[in-house]
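Engineer: What follows is a single structure, and I will ask about it in a moment.
The values are calculated or read from the model by the stated rules, or taken from the named source; none is laboratory data. All of these numbers come straight from a predicted model, not from anything done at the bench. Because the Cβ atoms are built from the backbone with ideal geometry, glycine has one as well, and the counts that use them run over all protein chains shown. Heads up: the accessible areas ignore ligands, DNA and RNA and are worked out on the full protein's heavy atoms, side chains in. Shrake-Rupley method; radii C 1.70, N 1.55, O 1.52, S 1.80 Å.
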Amino acid sequence: MVPRLPEEAFIALLRSVYRNARHCNRARLTPRTPRLSALGCRTLRQYASTGAGDGDDDGGAARRGNTRTKEIAVLGGGITGLTTAHYLARYAPDAHVTLYEARDKLGGWIDAVRVPAGNGRDGEVLLQRGPRMLRSGSSSNRYDDLVLYDVIASLNLQNAMRHPSGPSDSRYLFYPDHLVKLPSGEPTLGGVLEAARSFLREPLWDGCLGAALSFRRKNDVSGLTVISDKFAALQNARRNGNDDYMLERLERRLARDESVAAFLGRVLDDERPVRNIVSGMLHGIYGGDAHRLSAKHTVLDRLWYQFASPRPRGQVWMPRKDWFLLYELMDGVGAVSANADEIVRLAERALGWKLLAFDDGLVTLVRALVEDLERQGNVTVKCGEPVTSVTKGDGCVLIKTPKTGDQPAKYDHVISTLFSKHLAKIAQPANSLPSLAETHAVTIMVVNLWYPGQDLLASNHGFGYLVPTATPNNDEGALGVLFDSDLTTDPARSPPGTKLTVMLGGHHWDGYRYFPNGDTGIAMAMSVVRKHLGIEPGTTANEVHARARLCRDCLPQHFVGHRARMAAAHDELRAAFGGRLSVAGPSYTAIGVAPAMRAGWEAATRVARPRSATLWFANAHKEPDAEWRAWCVSTLLEGEGEAEGGKQREEELAGHTGLEEFAVYEAAAMMPVWKKDLYFRTWTRPERRFTDSEGRWIEREQEQDDEEEEEEEQEPETDGDQKVRVGKKSFRVQPPGSGNVLHKDST
Ligand SMILES: Cc1cc2nc3c(=O)[nH]c(=O)nc-3n(C[C@H](O)[C@H](O)[C@H](O)COP(=O)(O)OP(=O)(O)OC[C@H]3O[C@@H](n4cnc5c(N)ncnc54)[C@H](O)[C@@H]3O)c2cc1C
């Protein structure tokens, strides 16, 4: 299943595909910036054109003349909805986009206020009541961060980006009655000694030694194990005469589902590390319960897939659609890769940082997105207009709001970014989306506390701490406390003092019918910081500014069975809306601002560049080698032809639900790759880096292009099997064929 041909073979193959393809001629090759060529995907740039906004001025304009303007609605003005509208405006300039937001304010959970300090004499304090930090993605097997950088580049926010460091690297867990500092991962002598001392003294680490040994034993996958495993499977397949045996076997392994607690309990042979440590981590990200959250839908996904179907050291499972995301943003046509250079710069710069923030918090991003949408001629933003019903009409979707009265607005396609349970409530006829109605989200009370003038953290500076399930006496249901005054990116504008954010509730409040009000929340938060940090209001601190916000149903929970529920929801959406209503956001895919933005990119791509989106899972039983990639390119080419006249596009526009990834075989949605071959990661091999440690471009294009030209000259042009020469070796490659999406159910 692993790409076996070197990248150069892929380049050579694509070039031969390019020469043979009916839509191509040499003149279409445009000069590229030197950096992009290092990705080795030059031809994809020309071929990824699948619809409006691809920059083919003549053909596109002619096509636009024949068809009426597509009306697209986006429900929800949180970060997912704003990003969706942003990409629709860029990728589908011939469509009109209407964004509906129930509140008077855009941004959803992203929210912050500046309050005067010292009656205004000491400036203002920024109180963030929702998300505030993003992970840089430098150690991820997904490329959500590239969408973030693309948006940042589009909005010209590069100079507003900050990378908090220093004290923010120190993180703690509260167990059983004090803060325990977590090892920083820095390979310094001091760091190692500190970690050893903590390990010997703190009950937090009980069971971790045995767990580490068990993990090592079970994760010991040598290349030999994988080869013998494959050999046994092949023998079996031959015996049974079953071509799909390998795929089915892989699917059986990957399609399993289990909770984080069950998975780690099995791998570590001890429950204590989950109760003492991992549950705290899950509280910080999901506010969720380790016994209910599905392991493969949390940040432990990479580990889960590795244990489900082990790969040799150095390989990692990656979603196939991330391959497309990378290549589209780097080398897609026109608007799609307009920011490629800037994305490369930002992604390479982020390698040195774990976190990303803005001086005014994430509202900076929201503000810039909104201002940009206001400038677009093809976008209308309707704030304070909650959507009350969504119904399938005749070749359209009908939307009602308090302002539409009996005359619902008609749309060719609707993208919902609402919490899935809320969408299920407004979808008509009632109960048409039962699988989405089942979704659960936790409620969190966010309390900002500001103690002016004093440093009350004394010896415990850092990012903050989390409270694991095993911590006793947690009557308030504390999930964690952030040390905001240490996370500030703009110390000059921050008056001196201690700023904390206390998070309460999450799964501790599951089943509650009534939640604490603001005053009770503040009292509970103060009780937490008194017990945990010794901060006594009135004695240690003379004055406290406090604000509470109850975030109802704010973090959707992907419980065990999430994938199966979403697959059912895919069918229900198709049955109820004929594929004219698609969904995006953390109710379905990963939680967090960057994943939400990526979901927005995908949602817009499905509608504006449907041919491209169709490929994410197409022919996915094939190994992701050069042949598979070449097939993708040829399919994109076919798409160009079919799209002419607009008919194909109209059908495709209607055909997506946003949940396709749950409806195909899981083995078809994932692929193993060599970690060192992934771009923009801390482990990327030097040949795949674009900038040096000083941030300067590495220029190696000339040499590479010369080699490519040489190879091209030597290649025979044939219509059948193609011979690809790389260095002294030559490879025989099948011409691109056709293939179908592997659906579990043929609906
Ligand atoms: C307290 C908290 C802290 C967090 N911290 C972080 C963090 O540090 N880093 C990180 O990456 N992520 C964090 N997250 C997660 C992140 O905030 C979310 O994943 C992300 O903001 C979700 O955005 P969204 O647009 O999908 O949903 P939302 O923000 O919920 O947006 C949905 C929008 O739809 C609107 N709406 C609802 N019903 C209707 C209707 N009927 N008609 C029209 N509009 C409607 C809502 O008003 C809302 O504006 C945090 C979340 C919370 C709650």
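Engineer: Has segment 502-512 got any residue that is farther than 25 Å from Gly78 by Cα and either in a loop (DSSP other than H, G, I, E, B) or open to solvent by less than 40 Å² (accessible area, probe 1.4 Å) (or both)?
Structural biologist: Within segment 502-512, one or more residues are farther than 25 Å from Gly78 by Cα and either in a loop (DSSP other than H, G, I, E, B) or open to solvent by less than 40 Å² (accessible area, probe 1.4 Å) (or both).
Engineer: I've got another one for you. Just for segment 96-149: of the residues that are basic (Lys, Arg) and under 16 Å from the mean Cα position of the chain (by Cα), which one is nearest to the ligand (Cβ to nearest atom)?
Structural biologist: If we take residues in segment 96-149 being basic (Lys, Arg) and under 16 Å from the mean Cα position of the chain (by Cα), then Arg135 is nearest to the ligand (Cβ to nearest atom).
Engineer: Is it fair to say Gly76 is near the ligand (Cβ under 7 Å from one of its atoms) and either without any contact (Cβ under 8 Å) to a residue 12 or more places away in the chain or touching a helix residue (DSSP H, G or I) at 6+ places or on another chain (Cβ under 8 Å) (or both)?
Structural biologist: no
Engineer: In the list Val544, Val560, which residue meets the criterion of being touching a Ser or Thr at 6+ places or on another chain (Cβ under 8 Å) and open to solvent by 40 Å² or more (accessible area, probe 1.4 Å)?
Structural biologist: It is Val560.
Engineer: Considering (1) closer than 30 Å to Lys531 by Cβ; (2) at pLDDT below 95, say which one Tyr465 fails and leave the rest.
Structural biologist: Of everything listed in (1) closer than 30 Å to Lys531 by Cβ; (2) at pLDDT below 95, Tyr465 misses just condition (2).
Engineer: Further question: Kindly indicate whether any position in segment 157-179 is polar (S, T, N, Q), more than 16 Å from the ligand (Cβ to nearest atom), closer than 30 Å to Thr83 by Cα and within 19 Å of the chain's Cα centre (by Cα).
Structural biologist: Looking for residues that are polar (S, T, N, Q), more than 16 Å from the ligand (Cβ to nearest atom), closer than 30 Å to Thr83 by Cα and within 19 Å of the chain's Cα centre (by Cα), one finds none in segment 157-179, hence no.
Engineer: Taking strands (runs of 3 or more DSSP E) that do not extend beyond segment 274-390, which have at least 3 residues that are open to solvent by less than 20 Å² (accessible area, probe 1.4 Å) and closer than 30 Å to Asn219 by Cα?
Structural biologist: Where strands (runs of 3 or more DSSP E) fall fully within segment 274-390 and carry at least 3 residues being open to solvent by less than 20 Å² (accessible area, probe 1.4 Å) and closer than 30 Å to Asn219 by Cα, they are 315-319.
Engineer: Take segment 564-617 and flag every residue that is within 16 Å of the ligand (Cβ to nearest atom), assigned to a loop (DSSP other than H, G, I, E, B) and crowded, with 21+ Cβ neighbours inside 10 Å.
Structural biologist: Across segment 564-617, the qualifying residues are Ala584, Gly585, Pro586, Ser587, Tyr588, Thr589, Ile591.
Engineer: Take segment 384-400 and flag every residue that is more than 14 Å from the ligand (Cβ to nearest atom) and closer than 13 Å to Ala102 by Cβ.
Structural biologist: none
Engineer: State whether the residues of segment 538-554 include one that is of a type outside the set (Lys, Arg) and over 30 Å from Leu179 (Cβ atoms).
Structural biologist: yes
Engineer: Looking at segment 472-493 only, could you name the residues that are part of a loop (DSSP other than H, G, I, E, B) and touching a Gly at 6+ places or on another chain (Cβ under 8 Å)?
Structural biologist: Once the filter is applied, which keeps residues that are part of a loop (DSSP other than H, G, I, E, B) and touching a Gly at 6+ places or on another chain (Cβ under 8 Å), segment 472-493 yields only Gly477.
Engineer: Let me ask you something else. I'd like to check something: does segment 417-433 contain any residue that is farther than 30 Å from Ala567 by Cβ and within 16 Å of the ligand (Cβ to nearest atom)?
Structural biologist: Among the residues of segment 417-433, not one is farther than 30 Å from Ala567 by Cβ and within 16 Å of the ligand (Cβ to nearest atom), which makes the answer no.
Engineer: Of all residues in segment 655-694 being modelled with pLDDT of 85 or more, of a type in the set (A, V, I, L, M) and under 30 Å from Ala575 (Cα atoms), which is surrounded by the fewest Cβ atoms within 10 Å (Cβ to Cβ)?
Structural biologist: Out of the qualifying residues, it is Ala663.
Engineer: Also: Has segment 483-499 got any residue that is crowded, with 20+ Cβ neighbours inside 10 Å and closer than 12 Å to Val528 by Cβ?
Structural biologist: The answer is no, given that none of the residues of segment 483-499 is crowded, with 20+ Cβ neighbours inside 10 Å and closer than 12 Å to Val528 by Cβ.
Engineer: On to the next question. Would you please name the residue that is surrounded by the fewest Cβ atoms within 10 Å (Cβ to Cβ), looking only at residues in segment 81-139 that are aromatic (Phe, Trp, Tyr) and closer than 20 Å to Ala153 by Cα?
Structural biologist: Tyr91
Engineer: Listed residues Lys421, Lys403, Lys410; which is open to solvent by 60 Å² or more (accessible area, probe 1.4 Å), in a strand (DSSP E or B) and either touching a residue at least 24 places away in the same chain (Cβ under 8 Å) or within 19 Å of Leu99 (Cα to Cα) (or both)?
Structural biologist: Lys410
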